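For reference, the structure is listed below as structure tokens.
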Amino acid sequence: MSRAVPFHAVPREGVDPSAGGGLHRNAARVHRALTELGVRGEVRELAGSARTAADAARTLGVDVGAIASSLVFLHDGSPLLIVTSGSHRVDPALVEELLGGRLDMADAATVRAATGQPIGGVGPVGHPAPLRTLVDVALGAFDVVWAAAGTPHAVFPTSYAELVRITAGTPAIVGR
């Protein structure tokens, strides 16, 4: 089971919150979304990169499989968010078999338009509008999973069940 962690935003290292500093605007947007969704966990802006699952796992000192990578695809032309375990890649053929239709990787402009966030920092929430979402069942093997929080340097802890809830996602096998 997941441990409950008090929710608070942790500002960037070296930033004095009393001087108007704090979280990057994208991380702050994710923080607000998490608060509204009743999530208990903290947004952390890291000194090291969390741009890739391997980077995030190394920076956090966790198994790469516990990293929830949020990837945007186009399913028959519409954005589809797939939150997958960092221990494997999304298998487009498997997702096409599950959903029918065609699956293509979204380009950087499409990702930014759909999420308001850059590739390498896409969080599962905090988007301009809700996205249809699949959540990799492989993340269920971990008590705590870490997801990006709007930038390549911001993350937050959550559980698999909470991730499914906050994204209104569909649990699915998305990789092999």
Under the rule rounded for a/c under 1.5, else prolate if a/b exceeds b/c, else oblate, using alpha carbon gyration tensor axes a ≥ b ≥ c, region 48-156 is classed as oblate
R0 of 30 Å, Cβ-Cβ distance L98-R25: FRET efficiency to nearest 0.05: 0.30
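With every protein chain kept in place and ligands, DNA and RNA left out, what is the accessible area per residue of the chain? Probe 1.4 Å, answer in Å².
Numbers: 8330 Å² over 176 residues.
That works out to 47 Å² for each residue.
If Lys and Arg each add +1 and Asp and Glu each add -1, what is the summed charge of the other residues whose beta carbon sits under 11 Å from the beta carbon of G150? Could you put the intermediate results ahead of the total?
Values: positive: R25, R29, R32; negative: E45.
Charge balance near G150 sits at +2.
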Could you give the distance between the Cα centres of region 100-176 and region 70-90, to the whole Å? 7
Where does each of 66-72, 145-151 land if you order them by average Cβ count within 10 Å, highest first? 145-151, 66-72
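For the chain, which whole percent of the accessible surface, found with a 1.4 angstrom probe, sits on carbon and sulfur atoms? Don't skip to the answer; put the middle values down first.
Details: 4570 of 8330 Å².
Whole-percent figure for carbon plus sulfur exposure: 55.
Restricting the count to DSSP beta bridges whose residues both fall in the chain, what percent are antiparallel, rounded to a multiple of 5?
On the way: 17 of 27 bridges.
Antiparallel bridges: around 65 percent, rounded to the nearest 5.
The values are calculated or read from the model by the stated rules, or taken from the named source; none is laboratory data. None of these values were measured; they are calculated from a predicted model. Heads up, the Cβs are rebuilt from the backbone with ideal geometry, glycines too, and the neighbour counts pull from every protein chain shown. Ligands, DNA and RNA are excluded from the accessible area calculation, which covers all protein heavy atoms including side chains. Shrake-Rupley method; radii C 1.70, N 1.55, O 1.52, S 1.80 Å.
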